[in-house]
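Enquirer: Take this structure first; my questions come after.
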Amino acid sequence: MPVPSAPTLEEIVAEGLNKGGESSPSTSLTTRATDVWIEEIKNDIWHLSKNPKLLQITSYGIFNKGQSKYSNPSDFSSDLTLSILDGQVRGTAQAGTIASITLAANDASGEDIIGKEIMILSGTGQGSWSQITDYSTTTKLATVTPNFDTAPSSSSEYMIIDREYPVESRPIFQRDEINRTFVTGIANQFYPIGDEDFGEFILNKAPDKAYGARLRYYANIMKIDTDSTHMSTIYQRWRSIFILGIAYRQLEDNDDDKDGKFEARYKEKLFNLINREAYGIDISRLQDRVSDYS
């Protein structure tokens, strides 16, 4: 049997309104449920937990030479870990597809690079990451899995990763309290700071060359692209939460005496969801985190 497809937002809203007694809802009611109540349900989840497993993201980006301050991804909520990625083998690709890259003609790599990670440092596909699963020393063609976000081209500078350096989070006041000597190199600490949107962080050393970055973080459910695969998966996994939430709000809006029963079921499912999905280490509890780096 085929795998069931993820429900659409429209299907969830229709089912929620149906359970709330509206089998033929008006356009204005459907719009209200889609634009207001769905966002309220997301906010309910957000207030109860900032770190469900399903909101855990791994993103990749580039630390540029001489630049120590970077913006968090646009859906950023809180840190997990931040690592700097480095490699001795760097070059400019001859060509590429989303599933392969042809290394430089003078690249001396052997089959020992199979299993290593590869990143695009600049040019087409900058920030794309994958793992080499096959390599021909004759053609210089490296097959990768998963696919690159963007197919590299002859303008793409790559790096084969052979070292990863963890970077420790420190509160910004510690940076402000010390006498600093401004040096370059591989950072071993970073300082999260706030700004007007999703926050930034500062490395304790300005990179002496381009490096890769691997950031694991929790996404803010209120800022996830509603048309993304990630949001589609959330609707599939947490479908009952959204349906019950809409039904409860519809009954409450109509002053229906069933709303208390639906509210209790909705809140029970919310708490069960949080207990089931809680996972990982939230940096905010430890005091001890690219896709969108700028």
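Enquirer: Would it be correct to say that TYR158 is over 15 Å from ALA93 (Cβ atoms), part of a strand (DSSP E or B) and either open to solvent by less than 80 Å² (accessible area, probe 1.4 Å) or of a type in the set (A, V, I, L, M, F, W, C) (or both)?
Expert: Details: over 15 Å from ALA93 (Cβ atoms): no; part of a strand (DSSP E or B): yes; either open to solvent by less than 80 Å² (accessible area, probe 1.4 Å) or of a type in the set (A, V, I, L, M, F, W, C) (or both): yes.
No.
Enquirer: Right, next: Would you call THR233 closer than 20 Å to GLU10 by Cβ and surrounded by fewer than 17 Cβ atoms within 10 Å (Cβ to Cβ)?
Expert: yes
Enquirer: Those residues that are part of a loop (DSSP other than H, G, I, E, B) and under 18 Å from GLN126 (Cα atoms), I need them from region 43-72; list them, please. Walk me through how you get there before you give the answer.
Expert: Filtering region 43-72 down to residues part of a loop (DSSP other than H, G, I, E, B) leaves 49-51, 64-68, 72.
Across region 43-72, the qualifying residues are ASN64, LYS65, GLY66, GLN67, ASN72.
Enquirer: I need a count of the residues in region 257-294 that are in a helix (DSSP H, G or I) and modelled with pLDDT of 55 or more. Don't jump to the end; show me each part of the working.
Expert: Our first condition is that a residue be in a helix (DSSP H, G or I); within region 257-294, this holds for 259-277, 283-286.
The next check asks that each one be modelled with pLDDT of 55 or more; those that pass are 259-277.
Matching residues across region 257-294 total 19.
Enquirer: Looking at region 116-149, which of the residues that are assigned to a strand (DSSP E or B) and of a type in the set (Phe, Trp, Tyr) is surrounded by the fewest Cβ atoms within 10 Å (Cβ to Cβ)? Talk me through it step by step, then tell me what you get.
Expert: Initial filter on region 116-149 (assigned to a strand (DSSP E or B)): 117-122, 129-135, 141-145.
Next, from what is left, pick out any that are of a type in the set (Phe, Trp, Tyr): 129, 135.
Numbers: TRP129: 22, TYR135: 24.
In this case the residue turns out to be TRP129.
Enquirer: Inside region 73-93, can you point out the residues that are part of a strand (DSSP E or B) and polar (S, T, N, Q)?
Expert: Residues of region 73-93 part of a strand (DSSP E or B): 76-86, 89-92.
Passing the criteria: SER77, SER78, THR81, SER83, THR92.
Enquirer: Can you say whether PRO152 is under 30 Å from LEU273 (Cβ atoms) and either open to solvent by 50 Å² or more (accessible area, probe 1.4 Å) or in a loop (DSSP other than H, G, I, E, B) (or both), as far as the supplied structure shows? Explain how you work it out, then say what you get.
Expert: Details: under 30 Å from LEU273 (Cβ atoms): no; either open to solvent by 50 Å² or more (accessible area, probe 1.4 Å) or in a loop (DSSP other than H, G, I, E, B) (or both): yes.
No, not satisfied.
Enquirer: Return yes when ILE45 is touching a Pro at 6+ places or on another chain (Cβ under 8 Å) and not charged (D, E, K, R) and no when it is not. Even if it seems obvious, please write down each step before you answer.
Expert: Numbers: touching a Pro at 6+ places or on another chain (Cβ under 8 Å): yes; not charged (D, E, K, R): yes.
It is true that ILE45 is touching a Pro at 6+ places or on another chain (Cβ under 8 Å) and not charged (D, E, K, R).
Enquirer: Mind checking which pairs have a first residue in region 9-24 that is closer than 10 Å to ILE243 by Cα and open to solvent by 70 Å² or more (accessible area, probe 1.4 Å) and a second that is outside any loop (DSSP other than H, G, I, E, B) and of a type in the set (Gly, Ala, Ser), Cβ under 9 Å, 6 or more apart or different chains?
Expert: ASN18/ALA247; LYS19/ALA247
Enquirer: So the check is Cβ under 7 Å with 6+ separation or different chains; which pairs have a first residue in region 212-239 that's within 22 Å of GLY16 (Cα to Cα) and a second one that's at pLDDT below 95 and β-branched (Val, Ile, Thr)?
Expert: ILE221/ILE45; HIS230/ILE224; MET231/ILE224
Enquirer: Spot the failing condition for GLN67; the list is (1) in contact with a Pro (Cβ under 6 Å, 6 or more places away or on another chain); (2) surrounded by fewer than 19 Cβ atoms within 10 Å (Cβ to Cβ); (3) not charged (D, E, K, R), and only one is missed.
Expert: (1)
The values are calculated or read from the model by the stated rules, or taken from the named source; none is laboratory data. The shown structure was predicted, so the numbers you read here are calculated from the model rather than taken from an experiment. So basically every Cβ, Gly included, is an ideal-geometry build from the backbone, and we count neighbours across all protein chains shown. With ligands, DNA and RNA removed, areas are computed over all heavy atoms of the protein, side chains included. Shrake-Rupley method; radii C 1.70, N 1.55, O 1.52, S 1.80 Å.
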